[in-house]
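Each value in this text was obtained by applying a stated rule to the coordinates, not by laboratory testing. Fair warning: this is a prediction, and the values are worked out from it, not measured in the lab. Cβ sites come from the backbone with ideal geometry, for glycine too, and all protein chains shown count toward neighbours.
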Amino acid sequence: MLMGIGNLTELTAADSTGVNALLIAICQELGIRTVLTTEVIPWARGAVREIDIARRLMHYAVTRHTIPKGVDDRLLTVKDPAVLTFTEEELRALQAQITDPNFRIFADRDGITVLNNERFIRWRDPSRLDELFAQLEVSEATHAFYLGRELARAGLAMTLGKTYRQDGALSWGYLTPADEPRHDRLTLTQRSTPRNPPR
């Protein structure tokens, strides 16, 4: 038996991951083993990969008599299944152990925290990251570009309710790009703030 599901995903202005998962669940329950789909409309791009993931997930759920949850999160592309968060107390305890001036960035649904051995800034407005950046007083160009990129990523994570990991890609399910290669050696680019000598 064949079922054409491409028309539904292409004629519905909704993210195709959820639509395809539900359609494949119906096909699995009805015993439909062949589906026809397309990737013509922009929001259906990737539909074939989504259907492949969905068919495996739904087959597992039906044959194991379980719900299709907690097995494979690759179809969760916009919203994360859980968001890693730290309390202010935990972050301040971390700051107390830091001895270098490089910034660490954390984000959760309530704000972005930037800290190093000298500063602790908690920021709640992802639309005004320029004001947060100004408080960091970064003058070295490559460090400024790096922090700008990371703050933009943290702001996006805060806005969408995603887990932010500094130097790591946000999770977009099966669409997640590979993390950038990490260097074995940490290069300090942020300079310590000169302190006034005691009088």
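When every alpha-carbon pair in the range 62-144 is counted, what percent end up more than 17 Å apart? Here the tail beyond 17 Å accounts for 61 percent of pairs.
Dividing the convex hull volume of the alpha-carbon atoms in the chain by its residue count gives 166 Å³ per residue. Scanning residues 5 or more positions from ALA107 or on other chains, those with amide H under 5 Å from its amide H are THR113, TYR164, with H placed 1.01 Å from N in the peptide plane.
Sequentially through the range 75-90, phi angles give Karplus couplings (6.51, -1.76, 1.60; θ = phi - 60°) of 8, 8, 9, 9, 10, 7, x, 8, 10, 6, 9, 10, 6, 4, 4, 5 Hz, Gly and Pro residues having no value and appearing as x.
Rounded to the nearest Hz, the phi-derived 3J(HN,Hα) couplings of the range 166-178 under the Karplus curve 6.51 cos²θ - 1.76 cosθ + 1.60 (θ = phi - 60°) are 4, 6, x, 6, 5, 7, 10, x, 5, 8, 5, x, 5, where x marks glycine and proline. Each Cα pair under 8 Å and six or more residues apart adds its sequence gap; the mean of these over the residue count of the chain is a relative contact order of 18 percent. Couplings 3J(HN,Hα) of the range 121-132, computed from phi: 10, 10, 10, 10, 10, x, 7, 10, 5, 4, 5, 5 Hz, in residue order, whole Hz [Karplus 6.51 cos²θ - 1.76 cosθ + 1.60, θ = phi - 60°; x for Gly and Pro]. Fully extending the segment from GLU140 to ARG124, taken as 0.36 nm per residue of separation minus the present Cα-Cα distance, adds 3.2 nm. Translational diffusion coefficient of the range 1-43 (Stokes-Einstein, Kirkwood radius from Cα pairs, 25 °C, 0.890 mPa s): 233 µm²/s. Per the Debye calculation on the range 1-85 with a single equal scatterer at every Cα and no solvent contribution, log₁₀ I(q)/I(0) for q = 0.12, 0.14, 0.18, 0.20 Å⁻¹ amounts to -0.35, -0.47, -0.75, -0.90. Say the dipole of the chain comes from +1 at the beta carbon of Lys and Arg and -1 at that of Asp and Glu; which of VAL71, LEU175, ILE5 then lies farthest toward its positive end? Final value for the positive-end residue is VAL71.
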